[in-house]
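Each remark here refers to the structure printed beneath this line.
The values are calculated or read from the model by the stated rules, or taken from the named source; none is laboratory data. What you see is a predicted model; the values in this text were computed from it and never measured. With ideal geometry, Cβ positions are generated from the backbone for all residues, glycine too; neighbour counts draw on all protein chains shown. Remember, those area values only see protein heavy atoms, side chains included, never the ligands or the DNA or RNA. Shrake-Rupley method; radii C 1.70, N 1.55, O 1.52, S 1.80 Å.
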Amino acid sequence: MFSGKRACCNACRRIVGAPLGTVRFEKNDYVALMKVNLDYMFSLDPDRLLYHFRRIAGLDTGRAQEYGGWISSASGGAGHFEAHYISALAMASRTPNYERNGERITGRLLYLLTELEKCQTAFAKKDPENAGYLGALGIGVYDALEVIGKGQGSCAADGSYVWVPWYNYHKILEALYQTAVLVTDEMLRSMARRMLMAAAYWAWRRVHVLSDRVRENMLKTEYGGMSEILYKVYGMTRDIRFFEAARFFEEKPLLDQMYHHTDCFNGLHANTTIPKILGCAAAYEVTNDEYYKTICLNGFEMILKRTYANGGTGREEFWRESDMLQPANDTAETCCSYNLLKLADYLFRWTGNRKYADYFENAYTNYILASMAPESGLKTYFLNTAFGHYKIYHTQERSFWCCAGTGMESFAKLPYGIYYFTRDTIYVNMFYPSTLFWKKGISLTQSGNILPDQEAEITVHGNGRFGLALRLP
C-alpha cells in the first residue's frame with residue numbers, strides 16, 4: 001500500500017476504525033435490527049434497573065421492584081446488565097441511524113447517570129472509607145473474596161452470594177468510560193468522567209494495599225476486563241495510580257505462557273481468559289511494549305484453533321484441546337464472540353493484516369447478526385452448533401444473561417467495523433449497504449447486498465486524492 005518512493009509518516013499509516021458517528025446503514029434490514037434492539041431496551045424500567053444501586057447506597061427504591069434472574073439480589077450478578085445498558089445507550093447516542101431517537105436516548109442516559117451519581121454520593125456518606133465506590137453489590141462481597149478459601153460460590157458476612165464482583169465492577173467502569181468518550185452532551189460527558197475518576201480511584205485504593213497472597217486468591221475468580229478499562233482510564237488521565245491498578249489484574253504466569261506461544265488454553269474458561277488478552281491490548285496502546293502485543297497475537301492464534309465455522313468458541317463456556325471441536329447445543333458463548341470482535345479490531349488496527357478483518361466479518365455476519373431474535377430483541381447465550389437444534393433466547397424480565405448485556409452493545413454499535421481508514425486511505429472491510437462520512441466534503445456509499453446477490457456498488461462523493469482498499473471477502 002505504501003511501497004515505492006512515496007514517504008508516509010506514522011500518522012498516515014495509523015489505522016483507525018470509523019467512529020460510530022461517521023457510518024449510517026442504508027438498508028432497512030439492518031436498521032430494523034437496531035430498532036428492535038433499542039425498542040427492547042426502552043421496554044425496561046429504569047427505576048428497576050437502578051433498584052440495587054439505590055438499595056446499596058441506602059436510598060429509597062420507591063415502588064420499583066428488582067428484576068429477576070442474574071441481576072436479582074439472590075444471584076450476586078446485579079450491576080453487569082445495567083452497566084451494559086448504559087454503554088449501549090452511549091453507543092446509540094452517536095449512531096446516525098438513531099438520530100430520530102436522540103433526545104430519548106440522551107434523556108434516558110441523563111436520568112440514569114444523575115441517579116447513579118446520587119447513589120455514589122450517598123454511599124460515600126454512608127461508608128466514607130469506601131468513598132467513590134459505585135455498585136449494585138455490597139462491599140462485603142469484595143471482603144469475602146479476599147479471604148483465603150473464599151471465592152466464587154461463597155457468602156459474604158451479610159449473607160450475600162459472592163459470585164464475580166470485579167467482573168460486575170468492570171462493566172460499571174466501562175459504562176462510565178463509554179459515556180465520557182462517546183456522548184456529545186458536555187454535561188453528560190463531564191458527569192460521567194467525574195463519576196469514573198472516583199470509581200476507578202476506589203478500585204486503586206482497594207487493591208494497591210493487598211498482599212500477593214490475597215491477590216492470587218482474588219484472581220482465581222472471573223474479573224472481566226478490569227485491566228483493560230483501568231489501562232484505558234490511565235490513557236485518558238496519565239494518572240499512575242490507574243496504571244498500577246491495571247497491573248494488579250494481570251496474571252503474569254498465564255501471560256508469559258502466551259508470550260512464549262505455549263498453548264495453555266485447554267480447560268480454561270473462555271470468557272474469563274479473552275478479557276485478560278484484551279487487557280494486554282489496552283496495555284500495548286498506552287505503553288507500546290511489544291510484550292503485550294505479542295501476547296495478543298499469540299493468544300488470538302490459539303483461540304482460532306478452538307473456533308467454530310461461525311466464529312464462536314468454547315463448549316459449556318470452556319476450551320478443550322486445540323483442533324478438537326465437536327458440534328453440541330452448548331457451544332459458542334455469545335460474550336466470547338463479542339470480545340473476540342474487540343480483539344480482532346485491535347489487531348487489524350495495529351497490523352492491517354486482512355486475516356483479522358476476515359475473522360471480524362465471519363463472526364459479525366455468522367454469529368452476531370444471528371444472536372438476536374429479530375422480532376423481540378432478545379439475545380442468545382449459546383449459539384449452538386448441534387444439528388437440528390434450536391436457539392434459546394433470554395426472557396424479557398428474568399434471565400438477563402451476561403450475553404444479554406453484550407448483545408445490547410453489539411446491536412447498538414452495529415455499523416462499527418465496516419470501514420477503517422488512515423489519513424489518506426479508506427479500508428472497506430465489509431460489504432453492507434451503508435454510508436461513510438469521512439473527511440469534510442467526502443463520503444462513500446455502498447449499495448446492493450453482497451450476501452444474497454453477490455454484488456455491491458460503491459459510490460464516492462466529493463473530490464480528493466486518497467487510496468481505496470477493498471477487502472476481497
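Here H170 clears all of (1) open to solvent by less than 30 Å² (accessible area, probe 1.4 Å); (2) of a type outside the set (A, V, I, L, M, F, W, C); (3) over 20 Å from M408 (Cβ atoms); (4) touching a Phe, Trp or Tyr at 6+ places or on another chain (Cβ under 9 Å) except the condition numbered (3).
Quick one: count up the residues across segment 352-409 that are of a type in the set (V, I, T) and without any contact (Cβ under 8 Å) to a residue 24 or more places away in the chain.
Of the residues in segment 352-409, the ones of a type in the set (V, I, T) are 365, 368, 380, 385, 392, 395, 406.
Checking the rest, the ones that are also without any contact (Cβ under 8 Å) to a residue 24 or more places away in the chain come to 392.
So the count comes out to 1.
Here S43 fits the description: at pLDDT 95 or above, open to solvent by 10 Å² or more (accessible area, probe 1.4 Å) and out of contact with any helix residue (DSSP H, G or I) (no Cβ under 8 Å at 6 or more places or on another chain). When I229 is tested against (1) out of contact with any Asp or Glu (no Cβ under 9 Å at 6 or more places or on another chain); (2) open to solvent by less than 30 Å² (accessible area, probe 1.4 Å), only condition (1) is not met.
Name the pairs: first residue in segment 138-157 and closer than 15 Å to I56 by Cβ and in a helix (DSSP H, G or I), second residue at pLDDT below 85 and not hydrophobic (A, V, I, L, M, F, W, C), Cβ to Cβ under 7 Å, at least 6 apart or on different chains? From segment 138-157, the pairs are G140/D158; G140/S160; V141/S160. Of the residues making up segment 327-364, those that are in a helix (DSSP H, G or I), within 20 Å of L472 (Cα to Cα) and open to solvent by 30 Å² or more (accessible area, probe 1.4 Å) are R349, W350, T351, R354, K355, D358, E361, N362.
Figure legend. Inter-residue proximity from segment 293-313: first residues surrounded by 19 or more Cβ atoms within 10 Å (Cβ to Cβ), second residues acidic (D, E), beta-carbon distance below 6 Å, spacing 6+ or different chains. Indicated pairs: M302/D263. When segment 24-40 is filtered for residues that are in a helix (DSSP H, G or I) and open to solvent by less than 60 Å² (accessible area, probe 1.4 Å), the ones remaining, listed by number, are Y30, V31, A32, L33, M34, V36, N37, L38, Y40.
If you take the residues of segment 125-145 that are under 28 Å from the mean Cα position of the chain (by Cα) and open to solvent by 30 Å² or more (accessible area, probe 1.4 Å), which of them is modelled with the highest pLDDT? Spell out how you get there, then give the answer.
Keep residues of segment 125-145 that are under 28 Å from the mean Cα position of the chain (by Cα), which gives 130-145.
Now narrow it down to the ones that are open to solvent by 30 Å² or more (accessible area, probe 1.4 Å): 131, 143.
Values: A131: 98, D143: 92.
Step by step, filter segment 125-145, then rank; the result is A131.
Which residues, taken from segment 181-208, are among the polar types (S, T, N, Q) and either touching a residue at least 60 places away in the same chain (Cβ under 8 Å) or on the phi > 0 side of the Ramachandran plot (or both)?
Answer for segment 181-208, where residues must be among the polar types (S, T, N, Q) and either touching a residue at least 60 places away in the same chain (Cβ under 8 Å) or on the phi > 0 side of the Ramachandran plot (or both): just T184.
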